[in-house]
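Okay, structure first, notes after.
The values are calculated or read from the model by the stated rules, or taken from the named source; none is laboratory data. Here the structure is a predicted model, which means the values were calculated and not measured. Quick reminder, even Gly has a Cβ in these numbers, built from the backbone with ideal geometry, and neighbours come from all protein chains shown.
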Amino acid sequence: MSAAAEFLGKEYGYVTLVLVLYCVLNFWMGFQVGKARKKYKVPYPTLYAMESENKNAKLFNCIQRGHQNSLEFMPVFFMLMIVGGMGHPCICAGLGLLFTITRYFYFTGYATGDPQKRLTIGYVTSFSYTISF
């Protein structure tokens, strides 16, 4: 057994798996933004569409903002998972999985164009995030 495996424990793999899953989710969200760019004709490097120039600006901006918000949370989430997983890998992985799943619902709710729908189940994101502190 390697020194890293002895230090971290065999359950630390669950933490790693959740981190990879969160990366996959963020890639998927990025693809959704790319599809929305084509559909609503929002060219690069424009980050957000202007309502005066695009009638679908609000819908595109909700999709973009849902992904952007997940990217903003990523560094803190990763650090909490990596450090917290050293002491309590199973609890940390469970809460991280809950966070990742609710992040999916947060994004899909936001992507409807009604920002309030991100909170339907997405509010659990904040709960799981806060508990991990």
Filter pass, Phe127 being aromatic (Phe, Trp, Tyr) and at pLDDT 90 or above: no
Residue within segment 44-55 that is surrounded by fewer than 17 Cβ atoms within 10 Å (Cβ to Cβ) and touching a residue at least 24 places away in the same chain (Cβ under 8 Å) present: no
Matching residues, segment 56-73, being surrounded by 13 or more Cβ atoms within 10 Å (Cβ to Cβ), touching a residue at least 24 places away in the same chain (Cβ under 8 Å) and in contact with a helix residue (DSSP H, G or I) (Cβ under 7 Å, 6 or more places away or on another chain): Leu59, Phe60, Cys62, Ile63, Gln64, Arg65, Gly66, His67, Ser70
Filter result for Gly84 (at positive phi, in contact (Cβ under 8 Å) with a residue 40 or more places away in the chain and not basic (Lys, Arg)): no
Filtered residue count, segment 33-62, keeping only those that are more than 20 Å from Pro115 (Cα to Cα) and of a type in the set (Phe, Trp, Tyr): 1
Qualifying residue in segment 53-62 (condition: under 18 Å from the mean Cα position of the chain (by Cα), closer than 24 Å to Thr16 by Cα and modelled with pLDDT of 90 or more): no
Qualifying residue in segment 101-114 (condition: modelled with pLDDT of 95 or more, of a type in the set (A, V, I, L, M, F, W, C) and under 30 Å from Glu11 (Cβ atoms)): no
